[in-house]
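Student: This is the structure I have questions about; it appears just below.
Where a number appears in this text, it was derived from the coordinates with a stated rule and is not lab data. Being a predicted model, the structure only gives us computed values, none of them experimental. When we count neighbours, we look across all protein chains shown, and the Cβ atoms used for this are built from the backbone with ideal geometry, even at glycine.
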Amino acid sequence: MNGTIEQTIDLDHIRRITRSDCVGMAEEIRTFDDTVVKWTRMTGNMNNRYKRISVAPGKGVAGIVKKTGKPWIVEDVNKEIPLSEKYRYPIIINEKIVSFIAIPILKQGMPEGALIIGFRTLGRISKSLMMDYIEDIQPVCKCELGGVHL
């Protein structure tokens, strides 16, 4: 994939539905000699540093979600991700995200990218809310999301 996930995914609408601080979309970008995972679109972002984030496939929030094909929820980054490992997740650091849901975007059942729904204050997401959010944003995405079993 070369930055080809549907541009019809309305990140602003997802942000409103989830009452989140930021929503981003990452894709695997292939060049003639390399493949990287990059955040290609974001809304509610604090700056444009997300555009410069580039990690190897299977690394970072988006890479892990794309590799597993399953949603990942972190209710408290400070408790669930050791300080010594935070550098592996530059989107969390750059956007000051303290809790998030990351969801794989599927194409014909295969992970093609990832969404991150980020929160900058604690207590706004829980495992029980995760499936509700995923089911609410599925129709908005006009794409298949991993972890949705409707």
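Student: Write out, first by first residue and then by second, each pair whose Cβ atoms fall under 8 Å of each other, whose residues are 6+ apart or on separate chains, and whose first residue, in region 113-131, is over 12 Å from Leu145 (Cβ atoms) while the second is assigned to a helix (DSSP H, G or I).
Tutor: Pairs found: Ile116/Val61; Ile116/Ala62; Ile116/Ile91; Gly118/Ile91; Gly118/Ile92; Ile125/Tyr133.
Student: Is it true that Ile97 is among the β-branched types (Val, Ile, Thr) and touching a residue at least 60 places away in the same chain (Cβ under 8 Å)?
Tutor: Answer is yes for this residue.
Student: Tell me, which residue of region 42-67 that is β-branched (Val, Ile, Thr) and in contact (Cβ under 8 Å) with a residue 40 or more places away in the chain is nearest to Leu145 (Cα to Cα)?
Tutor: Val65
Student: Which condition from (1) of a type outside the set (D, E, K, R); (2) within 19 Å of Gly60 (Cβ to Cβ); (3) touching a residue at least 12 places away in the same chain (Cβ under 8 Å) is the one that Thr31 breaks?
Tutor: With respect to (1) of a type outside the set (D, E, K, R); (2) within 19 Å of Gly60 (Cβ to Cβ); (3) touching a residue at least 12 places away in the same chain (Cβ under 8 Å), Thr31 is out only on (3).
Student: Tell me the residue from Ile9, Ile81, Ile29, Ile93 that is under 15 Å from Leu145 (Cβ atoms) and of a type outside the set (Asp, Glu), please.
Tutor: Unique residue meeting the criteria: Ile9.
Student: Let me ask something else about it. So, in region 68-84, exactly how many residues are under 25 Å from Gly113 (Cβ atoms), of a type in the set (D, E, K, R), free of Cβ contacts under 8 Å to residues at least 60 places away in the same chain and surrounded by fewer than 19 Cβ atoms within 10 Å (Cβ to Cβ)?
Tutor: Looking only at that region, the number is 1.
Student: Here is a further query. Residues in region 94-113: is at least one touching a Ser or Thr at 6+ places or on another chain (Cβ under 8 Å) and of a type in the set (Lys, Arg)?
Tutor: no
Student: Across region 54-63, which residue is surrounded by the most Cβ atoms within 10 Å (Cβ to Cβ) among those that are touching a helix residue (DSSP H, G or I) at 6+ places or on another chain (Cβ under 9 Å) and closer than 12 Å to Ala102 by Cα?
Tutor: Ala62
Student: A further question on this structure: When you scan region 129-142, do you find a residue that is of a type outside the set (Gly, Ala, Ser) and either on the phi > 0 side of the Ramachandran plot or not in a helix (DSSP H, G or I) (or both), even just one?
Tutor: Checked against the condition, which is being of a type outside the set (Gly, Ala, Ser) and either on the phi > 0 side of the Ramachandran plot or not in a helix (DSSP H, G or I) (or both), region 129-142 yields at least one hit.
Student: What number of residues within region 44-61 are within 14 Å of Cys22 (Cα to Cα) and in contact with a Ser or Thr (Cβ under 6 Å, 6 or more places away or on another chain)?
Tutor: The qualifying residues number 0.
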